[in-house]
């Protein structure tokens, strides 16, 4: 591993010397330096994937359960830090100010829930996939198949945002249109996942974490130093930037400082950037709370996140890996608002025009006159973030397809080799579907990802929560809960599609506000839990062997 | 009998370990809920809509303009306030156009006819140049912009080297003498929307350079989450050690 890091560092030195004098351009042309960095990093991922290639199904699904706590924490962080974190978070704050912080809180606070309610217990339950847990705990092949189906749907919904991020960065680096950029980026991530499986993915995730966090942090030090803020800890130093946005910066305050287009570092007083639920953002207190809540319970129900706990040797490691994972995640989440704050001032002149919010991280570095190669590294970091998450999602989805659907339901006699082939076929099929949806460019990256969270919050979260903590929750209750969560999901998504297609559906305003696609789990999850409890109490009790297993294996 | 023994529930733990674990979870959960949602509720309760100074000045000036009793000062104040709002990043394109219409119209009320005609020509030229140029540093473009500023800024009592002057140069319409009725009726709403903000003692207190509420949500809360996770693991380890609770490895 050390050799790879050293190789990475030394390989970057000549590149930095080569392209340091490139003119900064916001978009539209092929960028040589960033392209070289991107190709280099992607090649590195594939090489590591080959080196740590999955040898059998245990390797493929759960990395041989040989990953350390810190390593697993890094993998959790890398798996988690997707395009939504790297690119989407700053985009939301750039566009909606304080409202965007609901995503920061939701995507970190959920780990507390995940830890105290689930991590150790999931590991002790000893299953490979979310559908495995659902099928065994609720003693139902139907529920196993439904669980696998939900896992695939959630993985696809989540990965659409990632492919969007990959496409956006490939578009920026290669200077090509969004459509070919998505196809090229999607093909690369697919090739890598097919070659390696999760063992390679886990090793890669540790490397990816280092690349992601380094590429994200370096420009922050440069920006804070360049514009005369406290640069030693940019995550604190940007507080003064936020306050400056609120009060306004006059040209004389920062005389001689300008963005790469020659505009002064100045802004009119803009309290809407930081004040809570500002009317001009169109976002409300209810939406803030609903988004934070939905994202938090969604975190505790995402199959590819839950699956990370199977790769540590024991439950104690699963718990501590969450602490490490959350800390590593927070390093990025403390930093994302810095980009949106600088981006707000640097693009405040109307001459800059409307920038694609999802690329604001890269645009901010460009507008701040950061060395083009460092901006290139930043873009490569964005691709890595999307890449690592997508790999995890494809593995989770293909595991559900091959392990939970094919082996457990369709062909229990399948040989490991057949299983691997089916897993790879599943990966391919998912990648095609994801690419097709990503091309439609439906919403901001973070919003697309939030849909997956709400889906998970309405369906998988209640099954895990009750399945672990209440032996009374039975098969009929689980089905009732799933149907309830599924209906809420269906209503919300129908109205989302309707809004995009221009349909006016009954109670349109009411439903789109209270069951918004980014946060419908705020009501969907409690309703699913309630339905599960009521029906479980009215029907035949959970079999003794399941209850015995829960007590002896999971809680003792 | 056996059936009774094998029932577990979070709220009715059967062993000491389970009881202690439940109590720990409940404690941390309450802290977690209060830290996240409690603070936001407090923020909501304390916040009141507060207008920016620009809106406080704009409202009486616009009322006089609407009633036909406005003097030069009122047009200047209204124009300045509208120029300030054109610098807001969240402003929509329709709203920007409406404000441009309003700013141009107030300027037309302040400038003599000949100066207005000159200015209008330059605004049209700038608009044409923006379509043609490949760099914002184009000399002719910059010269035209400066010339517009030198003519328009003094009329609205805006300093030529200021940010407002830069915004003014870009915030003028080709047709300066007329404002549409639609834009006229929209402008007060736009001004009120963009110049009113929810503020309270939590937003106005500065801590480590941040508005306090922003620091709490963006920085402190995340520190808190890591701390809660650490505390849970630490106390669980201690509890397991105390009870000789060995976790199985498979």
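The residues of segment B:194-211 that are touching a residue at least 60 places away in the same chain (Cβ under 8 Å) and either farther than 15 Å from residue B:53 by Cα or assigned to a helix (DSSP H, G or I) (or both), listed by number, are B:194, B:200, B:201, B:202, B:203. Pairs meeting the criteria (first residue in segment A:529-556 and at pLDDT below 90, second residue surrounded by fewer than 18 Cβ atoms within 10 Å (Cβ to Cβ) and part of a helix (DSSP H, G or I), beta carbons under 8 Å, at least 6 apart or on different chains) are A:555/B:18.
Might you let me know whether segment B:196-207 holds any residue that is more than 7 Å from chain A (Cβ to nearest Cβ) and crowded, with 21+ Cβ neighbours inside 10 Å? No, every residue in segment B:196-207 fails to be more than 7 Å from chain A (Cβ to nearest Cβ) and crowded, with 21+ Cβ neighbours inside 10 Å. For residue B:94, the conditions (1) crowded, with 20+ Cβ neighbours inside 10 Å; (2) under 22 Å from the mean Cα position of the chain (by Cα); (3) modelled with pLDDT of 90 or more are fulfilled apart from (1).
Condition check ((1) more than 10 Å from chain B (Cβ to nearest Cβ); (2) farther than 20 Å from residue A:69 by Cα) across all residues:
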| residue | (1), (2) |
| --- | --- |
| A:106 | no, yes |
| A:112 | no, no |
| A:123 | no, no |
| A:126 | no, no |
| A:133 | yes, yes |
| A:136 | yes, yes |
| A:145 | yes, yes |
| A:148 | yes, yes |
| A:154 | yes, yes |
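For residue B:189, are the conditions met, namely being within 14 Å of chain A (Cβ to nearest Cβ) and surrounded by 14 or more Cβ atoms within 10 Å (Cβ to Cβ)? Taking the combined requirement at face value, the residue does not satisfy it.
Let's see how each residue does on (1) within 30 Å of residue B:41 (Cβ to Cβ); (2) in a helix (DSSP H, G or I):
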| position | (1), (2) |
| --- | --- |
| B:120 | no, yes |
| B:142 | no, yes |
| B:145 | no, yes |
| B:178 | no, no |
| B:188 | no, yes |
| B:192 | yes, yes |
| B:213 | yes, yes |
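The helices (runs of 4 or more DSSP H) located wholly in segment A:483-556 that include 1 or more residues which are surrounded by fewer than 19 Cβ atoms within 10 Å (Cβ to Cβ) and within 12 Å of chain B (Cβ to nearest Cβ) occupy A:521-538, A:544-549. Taking the condition surrounded by fewer than 23 Cβ atoms within 10 Å (Cβ to Cβ) and closer than 23 Å to residue A:358 by Cβ, does residue A:156 pass? So residue A:156 fits the description; yes.
Restricted to segment B:1-45, and to residues there that are touching a residue at least 24 places away in the same chain (Cβ under 8 Å) and more than 9 Å from chain A (Cβ to nearest Cβ), the residue that is farthest from residue B:224 (Cα to Cα) is B:16. So, of the residues in segment A:36-84 that are at pLDDT below 80 and not in a helix (DSSP H, G or I), which turns out to be surrounded by the most Cβ atoms within 10 Å (Cβ to Cβ)? Here the residue is A:67. Could you tell me whether residue A:240 is within 9 Å of chain B (Cβ to nearest Cβ), in a helix (DSSP H, G or I) and over 16 Å from residue A:101 (Cα atoms)? Here the answer is yes, as residue A:240 does meet what is asked.
Among the residues of segment A:84-95, write down those that are more than 17 Å from residue A:238 (Cβ to Cβ) and more than 17 Å from the chain's Cα centre (by Cα). Answer for segment A:84-95, where residues must be more than 17 Å from residue A:238 (Cβ to Cβ) and more than 17 Å from the chain's Cα centre (by Cα): just A:95.
Specify the residue that is farthest from residue B:192 (Cα to Cα); the eligible residues are those in segment A:225-253 that are crowded, with 17+ Cβ neighbours inside 10 Å and over 34 Å from the mean Cα position of the chain (by Cα). Per the stated criteria, the residue is A:251. Among the residues of segment A:274-292, are any at the interface with another protein chain (Cβ under 8 Å from one of its Cβ atoms), touching a helix residue (DSSP H, G or I) at 6+ places or on another chain (Cβ under 7 Å), assigned to a helix (DSSP H, G or I) and closer than 24 Å to residue A:308 by Cβ? Taking every residue of segment A:274-292 in turn, at least one turns out to be at the interface with another protein chain (Cβ under 8 Å from one of its Cβ atoms), touching a helix residue (DSSP H, G or I) at 6+ places or on another chain (Cβ under 7 Å), assigned to a helix (DSSP H, G or I) and closer than 24 Å to residue A:308 by Cβ. Filtering segment A:96-136 to residues that are closer than 19 Å to residue A:277 by Cβ and under 19 Å from the mean Cα position of the chain (by Cα) leaves A:99, A:100, A:101, A:102, A:103, A:104, A:105, A:106, A:109. Taking the listed residues A:345, A:360, the one that is within 14 Å of chain B (Cβ to nearest Cβ), under 28 Å from residue A:305 (Cβ atoms) and part of a helix (DSSP H, G or I) is A:360, with no other qualifying.
The values are calculated or read from the model by the stated rules, or taken from the named source; none is laboratory data. Computed from a prediction, not measured in an experiment: that's the story for all the values here. Quick reminder, even Gly has a Cβ in these numbers, built from the backbone with ideal geometry, and neighbours come from all protein chains shown.
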